[in-house]
1. Among the residues of region 209-228, write down those that are open to solvent by less than 10 Å² (accessible area, probe 1.4 Å) and of a type in the set (V, I, T).
2. Within the set of pairs 6+ apart or on separate chains, which have a first residue in region 127-150 that is closer than 20 Å to I235 by Cβ and free of Cβ contacts under 8 Å to residues at least 40 places away in the same chain, a second that is open to solvent by 50 Å² or more (accessible area, probe 1.4 Å) and in a helix (DSSP H, G or I), and C-beta atoms under 7 Å apart?
3. Inspect region 241-248 for any residue being in contact (Cβ under 8 Å) with a residue 40 or more places away in the chain and open to solvent by 30 Å² or more (accessible area, probe 1.4 Å) and give the result as yes or no.
4. Which one is nearest to S126 (Cα to Cα), of the residues in region 71-94 that are open to solvent by less than 10 Å² (accessible area, probe 1.4 Å), touching a residue at least 40 places away in the same chain (Cβ under 8 Å) and not aliphatic (A, V, I, L, M)?
5. Give region 12-53 a look and list any residue that's among the hydroxyl-bearing types (S, T, Y) and open to solvent by 30 Å² or more (accessible area, probe 1.4 Å), or say none.
6. Within region 98-121, can one find any residue that is assigned to a strand (DSSP E or B) and either surrounded by 23 or more Cβ atoms within 10 Å (Cβ to Cβ) or at positive phi (or both)?
7. Hey, T181 hits all of (1) part of a strand (DSSP E or B); (2) open to solvent by 50 Å² or more (accessible area, probe 1.4 Å) but one; which does it fall short on?
8. For K151, which of the numbered conditions (1) out of contact with any Ser or Thr (no Cβ under 9 Å at 6 or more places or on another chain); (2) more than 18 Å from G201 (Cα to Cα); (3) surrounded by fewer than 24 Cβ atoms within 10 Å (Cβ to Cβ) fails to hold?
Amino acid sequence: MRYVFIINPKAGKKNPREWFFPKIEAFFAEHGIPYRIRVTEYAGHATEIVREEATQGETIRAIAVGGDGTLREVACGAAGLPNVEVGLLPCGSGNDYLRIYGTKEDFLDPERLVGGQSYPVDMIESDFLPAMNVCSVGIDSQVAMDMVRYKNLPLVTGSMAYNIALLKAFCGRIGVQMKVTVDGGKHVFSGRYLLAIAAVGSYYGGGYCASPASVVDDGLLDVVLVRVPKSRLQIPGLLGIYKRGEHIGNPKFRDLLTYVRGKSVVIESEQPAAVNSDGECAARCESSFSVRPAAVRFIVPQGVRPACLSEEKERLEAALPV
């Protein structure tokens, strides 16, 4: 087993090669574990690196050293390759994908990384960009576009940048007129929505639990739609419920929320709307998303219970409010 550490020097506020990676190098050198370091130089480079390294034929563990965006690129390179397992050393601003498994500290321990087991997990195919975690359209995506301008400010964390951008969005025009088609017309919804989510993971935006019952290996997308409430003054009260993942089945969301599962989703809007794919954003009038089952093998650190996997699906669903 050979390890390839793919470092995004722009992840987070500090270059992880400088502040974090030396202790990883020391551990691997001490234990005689073969590894290689690759540093990304441009967008999409991590995907290219994984494919290049995989051509050597041996089984490799491609470890994303960065945030959710770096993980997405590494996963895109590994998708469909049987000799590549994907891991994460979280050094980004949000680090949201790992939240469905454990804590940041769980993933930063090199010994637990080496001892970890890999599991097949789903990804999201899209006509915009593939995703490992969550895709969305609406106010949350607009916030994601805006937060890029804030997250590099001194003393501003990833979650803080998200909240600042959210406040800006709250003060503007609320909602997007959308048509949402699930599984080619099995379900069709239309109206003015705050947001529309297509997810295989649960968390995004620095800790918002948008899809609390998502299961990363069930071959399905969780689709969450939230309509615009009658008054924008309702939104702050709803936001805390949404962030905690308590919105599905919650009486306060009864007339606002739609939740279904499916294999594909098409979201159309009358005007260009912000679209998010694991933190990468653009403005579009139509976006399509579909699940790619068991696309990659993801390494869960030793001692971390993979509670997001389908064997735990009934437990997750039982935990949702009725």
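1. If the condition is that a residue be open to solvent by less than 10 Å² (accessible area, probe 1.4 Å) and of a type in the set (V, I, T), then V215, V216, V223, V224, V226 are the ones that fit.
2. Pairs found: D146/K168; Y150/I164.
3. Within region 241-248, the first condition is being in contact (Cβ under 8 Å) with a residue 40 or more places away in the chain, and the residues that meet it are 245-246, 248.
Okay, now just the ones that are also open to solvent by 30 Å² or more (accessible area, probe 1.4 Å), so 246.
Within region 241-248 (the criterion being in contact (Cβ under 8 Å) with a residue 40 or more places away in the chain and open to solvent by 30 Å² or more (accessible area, probe 1.4 Å)), the answer is yes, since at least one residue qualifies.
4. Step one: list which residues in region 71-94 are open to solvent by less than 10 Å² (accessible area, probe 1.4 Å), which gives 71, 74-75, 77-78, 84, 86-91.
Filter again for touching a residue at least 40 places away in the same chain (Cβ under 8 Å), leaving 71, 74-75, 78, 84, 86-89, 91.
Checking the rest, the ones that are also not aliphatic (A, V, I, L, M) come to 87, 91.
On the way: G87: 22, C91: 26 Å.
Residue satisfying both the conditions and the ranking: G87.
5. The first filter runs over region 12-53 and keeps only residues among the hydroxyl-bearing types (S, T, Y), leaving 35, 40, 42, 47.
Matches in region 12-53: Y35, Y42.
6. First, pick out the residues of region 98-121 that are assigned to a strand (DSSP E or B): 117-121.
When the remaining residues are screened for being either surrounded by 23 or more Cβ atoms within 10 Å (Cβ to Cβ) or at positive phi (or both), the result is 121.
Looking through region 98-121, at least one residue is assigned to a strand (DSSP E or B) and either surrounded by 23 or more Cβ atoms within 10 Å (Cβ to Cβ) or at positive phi (or both).
7. (2)
8. Going through (1) out of contact with any Ser or Thr (no Cβ under 9 Å at 6 or more places or on another chain); (2) more than 18 Å from G201 (Cα to Cα); (3) surrounded by fewer than 24 Cβ atoms within 10 Å (Cβ to Cβ) one by one, K151 breaks only (1).
The values are calculated or read from the model by the stated rules, or taken from the named source; none is laboratory data. Here the structure is a predicted model, which means the values were calculated and not measured. Note that each Cβ is placed from the backbone with ideal geometry, even for glycine, and that neighbours are counted across all protein chains shown. In case anyone asks, the SASA skips ligands and DNA or RNA and just uses the protein heavy atoms, side chains included. Shrake-Rupley method; radii C 1.70, N 1.55, O 1.52, S 1.80 Å.
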